[in-house]
Amino acid sequence: MIVCIGIGPGSLDYLTALGKHLIEDAEVVAGFDTVLGLVAPIIRENATRIGMNYRDQTARLDEVAALHHAGRRCVVAFMGDVHFSGFQFLERVELACGHKIDTVPGISSAQIMASRGRVCFDETTFLTFHRRGDVEPFKRHLIHALEDGRNAIVIPRPWDFMPRDVAAYALEHGIDGSCPVEVWEALTQSEASWAGRLDECTAEFSDLSIMLIRAPAEFPSQLNSPESGAIQSGAIQPGAV
């Protein structure tokens, strides 16, 4: 058995019950060193731990695959949610194992950001630049989302497309510098936040940062639409005279 699990944004309070059970039951727990450090309190004492970094991940995943094929119960832990910002790593795990692998969703920092910022995803575009390779198409998608008047939740790419680079790119492509912006770091861990205008976002932030670029105008309440059913046309409201 092998499964890839999203552990949430850092605090074990945001690890799902299923994810916790699978990690506690696993004979092998693998993942990047920082991720293993977060779930260390729930890894069984006799479990094999396989930590890795960007340089040695291929070799370490080969070790995990060998143990999986030998019949060991294996878990590969991902920060946040596998499908929000870890799909390339999932592909590496599947390449090592030679087959598709089941995943257990986690809570992404993007969802925590939406909660902290009180925005909903039907009015918000989520983009992650936390990937290798060409990100130009994703940059253009960011501009299109902002031009459409939507909020944008952005996971930057360390260290060449960080929040100040995102802001500079948006300004260069005609986005209004007065758009409100928030940058949060280490969500659910040792949180820190910054808020200001897009044209004021020039500070340096850590690789645990996430960014919210708000739409220039707030969306109207969804309760005000006839489709919501909250107010029926022509109906007499309670208390009306």
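Couple of notes before you dig in:
- Relative to the 2.2 N^0.38 Å rule of thumb, the chain has a C-alpha radius of gyration ratio of 1.20.
- Top of G149, G80, G133 by mean-square fluctuation, Gaussian network on the chain, Cα under 10 Å: G133
- Stretching D176 away from Y54 to a fully extended chain increases their span by 40.2 nm, per 0.36 nm per residue minus the current alpha-carbon distance.
- Normalised by the number of residues in region 86-236, the average gap of Cα pairs under 8 Å and 6 or more apart makes the relative contact order 22 percent.
- Here r is the Cβ-Cβ distance between A186 and E227 and R0 is 45 Å; the resulting FRET efficiency, rounded to 0.05, is 0.70.
- Highest-MSF residue in the chain out of L90, L18, L212 [GNM, Cα springs under 10 Å]: L18
- For region 109-189, trypsin sites (Lys or Arg not before Pro) are listed when DSSP marks them as loop and at most 15 other Cβ atoms sit within 10 Å of their Cβ; the list is R118, R131, R132.
- Averaging Cα coordinates gives a centre for region 122-170 and one for region 4-48; these two points are 30 Å apart.
- Inter-label distance, nm, simple model (7 Å from Cα along the C-beta direction), S115/E27: 3.5 nm
- Cβ-derived FRET efficiency at R0 30 Å, H99 paired with S193, nearest 0.05: 0.10
- Residue-wise HN-Hα couplings along region 67-75, as the Karplus relation 6.51 cos²θ - 1.76 cosθ + 1.60 with θ = phi - 60° gives them from phi, are 5, 4, 5, 7, x, 7, 7, 10, 10 Hz; Gly and Pro carry x.
- This model, with +1 at the C-beta of Lys and Arg and -1 at the C-beta of Asp and Glu, gives region 1-115 a dipole about its Cα centre of some 60 debye.
- Listed residues E91, E218, E227, most fluctuating in the chain (Gaussian network, C-alpha, under 10 Å): E227
- For I143 and H69, a Förster radius of 30 Å and the Cβ-Cβ distance give a FRET efficiency of 0.10, rounded to the nearest 0.05.
- Accessible-area composition of the chain, carbon plus sulfur, in percent [1.4 Å probe]: 52 percent
- Karplus-derived 3J(HN,Hα), 6.51/-1.76/1.60, for each residue of region 190-200, Hz, glycine and proline x: 9, 5, 9, 9, 9, 9, x, 8, 4, 6, 9
- Top positive-direction residue, dipole computed over region 111-197 with Cβ charges, set V181, T128, A170: T128
- For region 84-241, accessible area per residue (1.4 Å probe, heavy atoms of protein chains only), Å²: 56 Å²
- The chain: antiparallel DSSP beta bridges as a percent of all, rounded to 5: 45 percent
- Cα centre as origin, Lys/Arg/Asp/Glu Cβ charges: the chain dipole, Debye: 440 debye
- Adding -39500 (n - 2.57) for every DSSP H run of four residues or longer, then dividing by how many residues the chain holds, sets the calculated 222 nm ellipticity at -9000 deg cm²/dmol.
- Farthest toward positive dipole pole in the chain [+1 Lys/Arg, -1 Asp/Glu at C-beta], among S115, P41, S225: P41
The values are calculated or read from the model by the stated rules, or taken from the named source; none is laboratory data. These numbers come from a predicted model, not from an experiment. Please note: Cβ atoms are built from the backbone with ideal geometry, for glycine as well, and neighbour counts cover all protein chains shown. Ligands, DNA and RNA are excluded from the accessible area calculation, which covers all protein heavy atoms including side chains. Shrake-Rupley method; radii C 1.70, N 1.55, O 1.52, S 1.80 Å.
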